[in-house]
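Below is one structure, written out as structure tokens, with a few remarks after it.
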Amino acid sequence: MKFKLLTFATALSLCNVAAAAQSPAASPATPPQQTQPKPPQDPSAQVPAPRPDDVKSIDSILAALYNVISGPAGERDWNRFRSLFLPGATLTSAGKDREGNIHVRPRTVEGYVTGAGGYFAQHGFFESPIVSRVQTFGNVAQVFCSYESRGAAGEAPFARGINSIQLAYDGKRWWVVSILWDEERSDNPLPKEFAVKPGSK
């Protein structure tokens with residue numbers, strides 16, 4: 001019995017060896033092909049063409065930004081608005097409601113167009129700068145700009161606040177990268193240096 005068991009075990013082992021010998025050799029793994037990174041897309045190809053005068057300087061893009069959203073009730077030139085912003089730009093409000101709750105609400109450019117567009121279609125809206133403080137370094141700029149908002153030209157403002165605007169220059173034009181703002185409130189008055197337009201009495 002011991003001999004038979006040994007013989008069976010030996011035979012089984014030999015069969016395994018023979019089967020392995022007849023099996024085709026495993027082919028070496030094919031190395032994964034490396035994909036070449038795509039060259040970055042020109043931001044200008046992703047937005048409507050701007051008016052050259054709108055984006056030639058910091059002052060001109062700021063003027064265009066306020067001008068394009070201001071006017072009587074009706075449609076705005078939203079393609080002009082879109083042309084000012086770098087793809088992926090954000091517009092973020094950081095305010096407080098009547099109950100004292102603080103809300104930080106980021107929006108895409110398209111989100112702003114959708115939200116503000118409905119309001120502007122029914123209401124006049126005019127926003128203008130009061131004081132702008134510009135800081136630049138190389139191809140970047142930061143603008144702290146107080147503003148006032150009106151329902152019609154010449155009316156007393158119904159709101160004031162400060163826009164923090166980040167800009168970038170790509171060698172050809174200026175871009176708005178982001179806008180962050182908060183409104184003036186009784187517990188959040190404009191600082192004196194931002195409250196009065198230069199030259200005003």
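Couple of notes before you dig in:
- Being under 29 Å from Ala168 (Cα atoms), in contact with a Pro (Cβ under 6 Å, 6 or more places away or on another chain) and at pLDDT 65 or above is a description that applies to Gln46.
- All positions within segment 170-187 that are acidic (Asp, Glu), under 30 Å from Asn101 (Cβ atoms) and assigned to a loop (DSSP other than H, G, I, E, B): Glu184, Asp187
- Test: residue in segment 131-144 that is hydroxyl-bearing (Ser, Thr, Tyr) and touching a residue at least 40 places away in the same chain (Cβ under 8 Å): yes
- Trp174 meets all of the listed conditions (1) free of Cβ contacts under 8 Å to residues at least 12 places away in the same chain; (2) within 18 Å of Leu86 (Cβ to Cβ); (3) not small (Gly, Ala, Ser) but one, namely (1).
- When Gly88, Gly95 are screened for being small (Gly, Ala, Ser) and at pLDDT below 95, only Gly95 passes.
- Inter-residue pairs, beta-carbon under 9 Å, first assigned to a loop (DSSP other than H, G, I, E, B) and in segment 30-47, second at pLDDT 90 or above and basic (Lys, Arg), 6+ apart: Val47/Arg82
- Matching entry among Leu167, Leu190 (being at pLDDT 95 or above, assigned to a loop (DSSP other than H, G, I, E, B) and either touching a strand residue (DSSP E or B) at 6+ places or on another chain (Cβ under 8 Å) or of a type in the set (Val, Ile, Thr) (or both)): Leu190
- A single member of Ala63, Ala156 is assigned to a helix (DSSP H, G or I) and under 25 Å from Pro189 (Cα atoms), and it is Ala63.
- For segment 170-186, the count of residues that are out of contact with any Ser or Thr (no Cβ under 9 Å at 6 or more places or on another chain), surrounded by fewer than 17 Cβ atoms within 10 Å (Cβ to Cβ) and under 16 Å from Leu91 (Cα atoms) is zero.
- Residue count, segment 72-109 (criterion: surrounded by 12 or more Cβ atoms within 10 Å (Cβ to Cβ) and either out of contact with any strand residue (DSSP E or B) (no Cβ under 7 Å at 6 or more places or on another chain) or of a type in the set (Asp, Glu) (or both)): 11
- Criterion violated by Asn67 - all others in (1) in contact (Cβ under 8 Å) with a residue 24 or more places away in the chain; (2) surrounded by 12 or more Cβ atoms within 10 Å (Cβ to Cβ) satisfied: (1)
- Identity of the residue in segment 116-139, exposed (fewer than 14 other Cβ atoms within 10 Å of the Cβ) and over 23 Å from the mean Cα position of the chain (by Cα), that ends up nearest to Trp78 (Cα to Cα): Ala121
- Filter pass, Val109 being touching a residue at least 24 places away in the same chain (Cβ under 8 Å), in contact with a Phe, Trp or Tyr (Cβ under 6 Å, 6 or more places away or on another chain) and farther than 17 Å from Ile165 by Cβ: no
The values are calculated or read from the model by the stated rules, or taken from the named source; none is laboratory data. On a predicted model such as this, the values are computed, not experimentally measured, just so you know. Note that we place each Cβ from the backbone using ideal geometry, even for glycine, and neighbour counts take in every protein chain shown.
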